[in-house]
Ligand SMILES: Cc1cc2nc3c(=O)[nH]c(=O)nc-3n(C[C@H](O)[C@H](O)[C@H](O)COP(=O)(O)O)c2cc1C
């Protein structure tokens, strides 16, 4: 018979904008009535959520250290549980997505959602202008639209995805530990024009007293939103060891990786 689904609710977290773009392309492919829940700013994660009956959920998050960002697990507590179709999507910076997609699959499953499709896309790495440079690009957008279309067709066939293909592609339980917190935050140079774009776009409100130069290290999630959004390029991680590590990581991950999609 297939499921009667007429709209999709997309939940995404996207400090540097690549996940947001993939979600947009997936929505185009789905061609349902879209509702967007952009969870990037703190206030958006405080609001309660009501889901419509027969609504497809699209859940899309960046990969941090081969896992989902820690705050996503906390956010899931707020989502209503119950049987409904869901598409699980992660976006990673051309290194690896490791356990993140499996973790998202499991979070969906624990809520009672039936995963009808899963995918890992590539976005420019938050810490590099080389790794995944300028991704997603038009080819990625097209893959994301095709994925959306595939999910829509799956809805009609009433089938859903097991965890096996994701495990076969290298996801592991127990998941790898969360990445270690960095012992420093981005530095601000004299180029700062105090436009406050960084302050207003910080996903965790980490700027102290709305001062673009003062970041609370205990709050910072090192997502690089403030670095990538700065119109003056006044923000950067400047720690020598960190910069060397990122250069080495980039050198080892220059080769273009392609999106993977899983449909039943
Ligand atoms: C703290 C942190 C950890 C990351 N870890 C990984 C990783 O393990 N593998 C990878 O390929 N990319 C990693 N990235 C890159 C992001 O997954 C990538 O930049 C993604 O496109 C960011 O999504 P957004 O643009 O929606 O914020 C990491 C980025 C950050 C900020």
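Does residue 89 fit the bill of being crowded, with 21+ Cβ neighbours inside 10 Å, part of a strand (DSSP E or B), within 14 Å of the ligand (Cβ to nearest atom) and in contact (Cβ under 8 Å) with a residue 60 or more places away in the chain?
Working: crowded, with 21+ Cβ neighbours inside 10 Å: yes; part of a strand (DSSP E or B): yes; within 14 Å of the ligand (Cβ to nearest atom): yes; in contact (Cβ under 8 Å) with a residue 60 or more places away in the chain: yes.
When the stated conditions are applied, residue 89 passes them.
If you take the residues in region 95-114 that are out of contact with any helix residue (DSSP H, G or I) (no Cβ under 9 Å at 6 or more places or on another chain), over 12 Å from residue 175 (Cα atoms) and part of a loop (DSSP other than H, G, I, E, B), which one is nearest to the ligand (Cβ to nearest atom)?
Looking at residues that are out of contact with any helix residue (DSSP H, G or I) (no Cβ under 9 Å at 6 or more places or on another chain), over 12 Å from residue 175 (Cα atoms) and part of a loop (DSSP other than H, G, I, E, B), I get 96.
Could you please find all residues in region 1-33 being part of a strand (DSSP E or B) and either within 14 Å of the ligand (Cβ to nearest atom) or surrounded by fewer than 18 Cβ atoms within 10 Å (Cβ to Cβ) (or both)?
From region 1-33, those part of a strand (DSSP E or B) are 7-12, 33; that's our starting set.
7, 10, 11, 12, 33 - these are the residues of region 1-33 that are part of a strand (DSSP E or B) and either within 14 Å of the ligand (Cβ to nearest atom) or surrounded by fewer than 18 Cβ atoms within 10 Å (Cβ to Cβ) (or both).
If you take the residues in region 132-147 that are in contact with a strand residue (DSSP E or B) (Cβ under 9 Å, 6 or more places away or on another chain) and more than 13 Å from residue 21 (Cβ to Cβ), which one is surrounded by the most Cβ atoms within 10 Å (Cβ to Cβ)?
Restricting to residues being in contact with a strand residue (DSSP E or B) (Cβ under 9 Å, 6 or more places away or on another chain) and more than 13 Å from residue 21 (Cβ to Cβ), the top hit is 147.
Only one of these conditions is not met by residue 114: (1) in contact with a strand residue (DSSP E or B) (Cβ under 9 Å, 6 or more places away or on another chain); (2) under 16 Å from residue 151 (Cβ atoms); (3) touching a residue at least 60 places away in the same chain (Cβ under 8 Å). Which number is it?
Status for residue 114: all satisfied but (3).
Computed from the coordinates by the stated procedures, all read-outs in this text should not be read as laboratory data. Since this is a predicted model, take the numbers as computed values, not measurements. Please note: Cβ atoms are built from the backbone with ideal geometry, for glycine as well, and neighbour counts cover all protein chains shown.
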